[in-house]
């Protein structure tokens with residue numbers, strides 16, 4: 001049972017020029033995943049049998065589809081290369097796997113489907129076509145917040161939405177598991193995907209997001225740029241269900257907005273605030289921004305600019321005191337990592353004014369604000 005390229009290979013005199021049946025893929029909408037081939041019998045065949053593909057029949061494979069000949073429930077011929085073929089029951093089985101790779105041969109062997117029936121004509125032969133086009137625009141979203149592990153913020157809860165695309169990579173596995181003993185003429189994508197596979201996708205994508213964030217060392221806000229990595233991770237996670245059972249793979253994931261819950265946002269804000277106040281440069285920038293806002297508010301003070309500036313000076317004195325303490329703590333941390341090295345090399349540890357943070361070098365009064373130090 002073999003296929004011979006009708007337009008590229010010469011046929012034997014036994015086959016001749018007369019095709020016994022003409023088998024094509026019917027015109028179907030894009031939601032059709034598997035469809036039984038349409039058979040047109042030759043004019044000379046006055047009593048055709050629906051369950052027999054006659055020797056010398058012509059099979060047409062359109063672009064974007066795979067064809068398989070099923071003999072009593074077993075796949076005996078396969079091709080994903082578009083073109084016209086002649087069916088020759090006397091030749092060895094031939095597989096044209098096209099862009100699907102040689103792994104398709106292993107799938108056929110795994111199903112134990114290469115059978116010849118000792119040269120006898122099978123009683124139930126059917127041609128099936130499988131849609132290989134990429135199915136895009138499949139929406140997903142989290143009905144409830146999902147927990148993920150963020151590189152910076154730890155475990156947080158998020159909601160998300162987006163779209164994904166998928167396609168059939170192993171048509172043999174798909175037909176073997178979907179059709180089974182109860183062969184149907186038409187199977188749609190909705191029948192195969194259903195609620196179970198879609199729900200599994202949503203349940204597993206939060207895991208994929210967390211693992212990509214960990215591998216790439218990025219935070220949740222950057223995940224829109226890692227669609228291909230999420231796709232690869234989803235295929236790894238779904239391998240035993242989507243791919244092994246249905247021959248399906250995820251080809252792309254487009255993430256929409258990722259939003260954190262209110263509790264997680266409070267946690268993020270606390271961590272961000274702690275980060276700012278532990279970094280001297282960030283502290284200086286924060287104080288400069290606050291001072292600029294204070295100058296603007298003082299100038300617009302309804303009670304008079306002088307009163308506004310007076311209030312600003314009081315706040316500035318308090319802020320300077322806070323900065324002095326912070327700077328003193330930062331200096332202490334720096335000194336603790338400097339193995340006994342002190343300013344000037346004379347062993348004297350520098351002091352700072354607790355009010356404004358100015359270096360005092362042991363003086364009784366601050367040279368900047370005049371605060372008493374001893």
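Things to note:
- Selected residue (only one of 167, 126 is at pLDDT 80 or above, under 17 Å from the mean Cα position of the chain (by Cα) and on the phi < 0 side of the Ramachandran plot): 167
- Among the candidates 15, 7, 33, the residue that is surrounded by 21 or more Cβ atoms within 10 Å (Cβ to Cβ) and either at pLDDT below 70 or closer than 23 Å to residue 173 by Cα (or both) is uniquely 33.
- Scanning region 171-187 finds one or more residues that are touching a residue at least 40 places away in the same chain (Cβ under 8 Å), in a strand (DSSP E or B) and surrounded by fewer than 17 Cβ atoms within 10 Å (Cβ to Cβ).
- Take the conditions (1) at pLDDT below 85; (2) over 30 Å from residue 179 (Cα atoms); residue 229 misses just one of them, which is (1).
- Among the residues of region 210-239, those that are in a helix (DSSP H, G or I) and touching a strand residue (DSSP E or B) at 6+ places or on another chain (Cβ under 6 Å) comprise 210, 220, 223, 224, 227, 230, 231, 234, 235.
- Region 52-69: number of residues that are free of Cβ contacts under 8 Å to residues at least 60 places away in the same chain and either in a strand (DSSP E or B) or closer than 17 Å to residue 172 by Cβ (or both): 2
- One residue stands out in region 142-170 among those that are in a loop (DSSP other than H, G, I, E, B) and in contact with a strand residue (DSSP E or B) (Cβ under 6 Å, 6 or more places away or on another chain): the one that is farthest from residue 67 (Cα to Cα), namely 145.
- Looking only at residues in region 240-272 that are in a helix (DSSP H, G or I) and touching a helix residue (DSSP H, G or I) at 6+ places or on another chain (Cβ under 8 Å), the one that is surrounded by the fewest Cβ atoms within 10 Å (Cβ to Cβ) is 244.
- Single condition residue 108 does not satisfy, out of (1) within 30 Å of the chain's Cα centre (by Cα); (2) at pLDDT below 80; (3) more than 30 Å from residue 195 (Cα to Cα): (3)
- Number of the exception - residue 133 against (1) exposed (fewer than 15 other Cβ atoms within 10 Å of the Cβ); (2) within 17 Å of residue 65 (Cα to Cα); (3) in contact with a helix residue (DSSP H, G or I) (Cβ under 9 Å, 6 or more places away or on another chain): (3)
- Condition met for residue 213 (within 10 Å of the chain's Cα centre (by Cα) and crowded, with 17+ Cβ neighbours inside 10 Å): no
The values are calculated or read from the model by the stated rules, or taken from the named source; none is laboratory data. This is a predicted model, so every value here is computed, not measured. Note: ideal-geometry Cβ built from the backbone for every residue, glycine included; neighbour counts use all protein chains shown.
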